[in-house]
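The values are calculated or read from the model by the stated rules, or taken from the named source; none is laboratory data. The model shown is predicted, which means the values in this text are computed figures rather than measured ones. All Cβ positions, even for glycine, are placed from backbone atoms using ideal geometry, and neighbour counts span all protein chains on display. Keep in mind that these areas ignore ligands, DNA and RNA; they rest on the heavy atoms of the full protein, side chains included. Shrake-Rupley method; radii C 1.70, N 1.55, O 1.52, S 1.80 Å.
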Amino acid sequence: MEYISIIVGLLLIIFGLWGVLTQKNILKIIIGFSLFDTGLHVVMVSISYVKGRTAPILDDTVSIADAAKKIVDPIPQALVLTAIVIGLGVTALMLAYAMKMYKQKGTLDISGYKELNG
Amino acid sequence: MIRNSLIFIVLLGFATMMYTLYANFDGNTELNNVARFYANEQNIQDVGAANLVTAVVVTYRGLDTLGEVTILFLTAAIIGFFLKLQQANASHGEPKRKPSEIFETAARVLTPIIFVLGIYVFVNGHLTPGGGFQGGAIIASSFVLMLLVGQTGHFNSKLFNIIESISGVVFVFVGALGIALAGGFLDNRIMEMGTFGTLLSAGAIPIIYIFVGLKVGSELSNILGNFREVQQEN
Amino acid sequence: MINLIITLFLGVTMLIMAGVAIYHKKLSVAIIAAGVVSLFASVMYLLLAAPDVAMTEASIGSGLSTIIFFYVLNKIRKTNDSK
């Protein structure tokens with residue numbers, strides 16, 4: 001199962017990068033970035049998975065004493081947790097810039113942004 | 001043509017890197033050393049949180065969380081500044097279409113329930129899945145429902161700013177208390193540990209997570225409110 | 001075994017939806033497709049024993065970020081109409 005999800009995550013990363021590099025519409029580029037994000041998170045969570053174990057939450061079924069034998073790795077999960085929230089902030093920031101660019105140029109097509117050609 | 005082949009080469013290189021990553025991955029059957037430290041019986045007893053992800057986020061890597069919340073605050077501030085500049089020379093257009101009766105009634109019923117669910121999620125962050133970030137996001141979604149009905153008219157960002165600043169200050173203050181009363185910054189053993197697995201346990205973790213939840217919730221609501229203000233104007 | 005089949009289904013749907021998100025001409029459809037990718041990813045996290053991450057992804061990745069995208073799209077359409 002973790003093999004399938006890691007392949008899906010890696011393919012999502014490549015799809016997202018493909019979208020960022022080939023698309024002309026700035027909103028499509030931002031969607032590509034968010035796909036890249038999702039793929040990265042799937043890969044990190046798959047790496048933390050350990051065969052046949054449960055979530056790192058202790059209750060009646062998983063007692064403290066045998067926690068080390070029954071739970072998956074909690075660290076990548078904690079990192080992904082914060083990464084998702086930051087991802088939303090970054091997406092919102094990119095969208096605010098896109099809105100500003102549209103207001104200035106009247107187009108979403110990045111080939112219309114001539115000043116950035118240098 | 002040259003551009004396309006360049007893109008293709010970049011992607012091919014990237015895919016090769018990804019393939020190497022995949023080829024070296026062969027399913028874990030054991031925890032690694034760091035994870036075993038966190039899952040150690042003695043360490044779990046010391047921290048006292050039943051949800052180990054919460055233990056890692058709030059205690060072991062609490063400094064990361066502080067930095068993360070700061071980044072979110074900066075994004076919210078930049079977006080607010082940026083969209084305010086845009087608003088300065090915009091005029092109000094005609095009022096938008098009214099939402100339908102069914103949606104309005106359902107939103108009125110659901111908003112408080114979703115809000116309470118958000119609070120439940122971050123108060124129980126150390127026992128069940130969930131915590132400050134998830135609870136904050138749920139509160140922000142109840143706020144979105146309120147905005148879609150249009151009850152609030154102009155949304156009041158002052159209140160959110162005050163809640164957000166107070167939560168940030170309390171978060172750092174509780175962290176600093178850890179230096180004075182216990183082992184170090186963000187140490188949770190400044191209060192009674194309580195019995196493992198009950199609501200009042202794990203020392204300062206519930207308090208820190210409640211304030212993280214309030215902070216994240218008000219920041220996300222602020223971002224959403226700003227976007228909504230801008231898209232309403234012509 | 002059942003987990004394997006569900007993961008396979010989720011993965012294939014996610015990849016198809018990612019293709020739709022990049023290549024569909026209508027922006028609203030592309031945004032919804034990106035939201036569906038996030039939603040299915042959250043179910044996948046649940047199968048990978050990460051309920052915390054699943055909750056975060058479901059509420060933030062597929063809820064709030066889709067709404068922000070739609071706010072921006074709406075604003076752009078309005079500006080387009082008034083011109």
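Please grab the % of Cα pairs in chain C that end up more than 16 Å from each other. Walk me through the numbers before you get to the answer.
Working: 1967 of 3403 pairs.
The proportion of pairs with Cα distances above 16 Å equals 58 percent.
In Å², what does the accessible area per residue of the protein assembly as shown work out to with a 1.4 Å probe? Walk me through the numbers before you get to the answer.
Details: 19890 Å² over 435 residues.
With the other protein chains kept in place, the protein assembly as shown gives 46 Å² per residue.
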Original post:
Across peptide A:23-35, what mean number of C-beta atoms from other chains lies inside 10 Å of a residue's C-beta?
Top reply: 5
Original post:
Which value, in square angstrom to the nearest 100, describes the accessible area buried between chains A and C on both sides, using a 1.4 angstrom probe?
Top reply: 3800 Å²
**OP:** Can you tell me how much longer the chain between B:Arg108 and B:Glu192 gets when fully stretched, taken as 0.36 nm per residue apart minus their C-alpha distance, in nm with one decimal?
**Re:** 26.2 nm
Original post:
Taking Cα atoms, how many degrees apart are the long axis of helix A:26-48 and the longest axis of chain A, rounded to 10 and kept between 0 and 90?
Top reply: 10 degrees
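What ranking do B:26-37, B:107-118 get when scored by the average of other Cβ atoms within 10 Å per residue, highest first? Don't skip to the end; give the middle numbers.
Details: B:26-37: 13.6, B:107-118: 15.2.
In decreasing order of mean packing, B:26-37, B:107-118 become B:107-118, B:26-37.
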Original post:
Taking the Cα atoms only, what angle lies between the long axis of helix A:74-105 and the longest principal axis of chain A, rounded to 10 degrees?
Top reply: 10 degrees
Subject >> Cα-based helix-to-principal-axis angle, A:2-22 vs chain A, degrees rounded to 10 >> reply: 10 degrees
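Leaving out ligands, DNA and RNA, what percent of the accessible area of the stretch C:5-83 is carbon and sulfur, probe 1.4 Å?
Details: 2320 of 3150 Å².
With neighbouring chains kept in place, the figure for the stretch C:5-83 is 74 percent.
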Original post:
Does a label point 7 Å from the Cα of A:Asp66, set along Cα-to-beta-carbon, have any residues of the stretch B:47-73 with amide nitrogen under 20 Å, and which are they?
Top reply: B:50-52
Original post:
For B:2-13, what's the mean count of beta carbons from other chains sitting within 10 Å of each residue's beta carbon?
Top reply: 2
Original post:
If we restrict to alpha carbons, what Rg and Dmax does chain B come to, in Å?
Top reply: 22.7, 68
Original post:
Based on the alpha-carbon gyration tensor of chain A, what equivalent-ellipsoid semi-axes (square roots of 5 times the eigenvalues) come out, in whole Å, largest first?
Top reply: 41, 15, 8
**OP:** Determine the distance separating the Cα centre of the stretch A:68-118 from the Cα centre of the stretch C:51-83; give it in Å without decimals.
**Re:** 12 Å
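Could you tell me the total accessible area buried at the B-A interface, probe 1.4 Å, in square angstrom to the nearest hundred?
On the way: alone 14770 and 8610 Å², together 18800 Å².
Buried area between the two chains comes out at roughly 4600 Å².
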Original post:
What FRET efficiency do you get for B:Phe14 and B:Arg36 if R0 is 51 Å and r is their Cβ-Cβ distance, rounded to the nearest 0.05?
Top reply: 0.95
**OP:** Using the Kyte-Doolittle scale, find the helices of chain C whose mean hydropathy is at least 1.0 and whose Cα atoms extend 15 Å or more along the helix's long axis, counting only whole DSSP H runs.
**Re:** C:2-23, C:27-47
Subject >> CD proxy at 222 nm, helix term only [per DSSP H run n ≥ 4: -39500 (n - 2.57); per residue of chain C; nearest 500] >> reply: -27000 deg cm²/dmol
Subject >> Candidates C:Met55, C:Met17, C:Met44, ranked by Gaussian network fluctuation over chain C, Cα under 10 Å, top entry >> reply: C:Met55
**OP:** Grab the DSSP H runs of chain B that are 4 residues or longer, score each as -39,500 (n - 2.57), total them, divide by all residues and round the 222 nm result to the nearest 500 deg cm²/dmol.
**Re:** -22500 deg cm²/dmol
Subject >> Interchain or long-range residues, amide H under 5 Å from A:Val50's placed H >> reply: A:Asp73
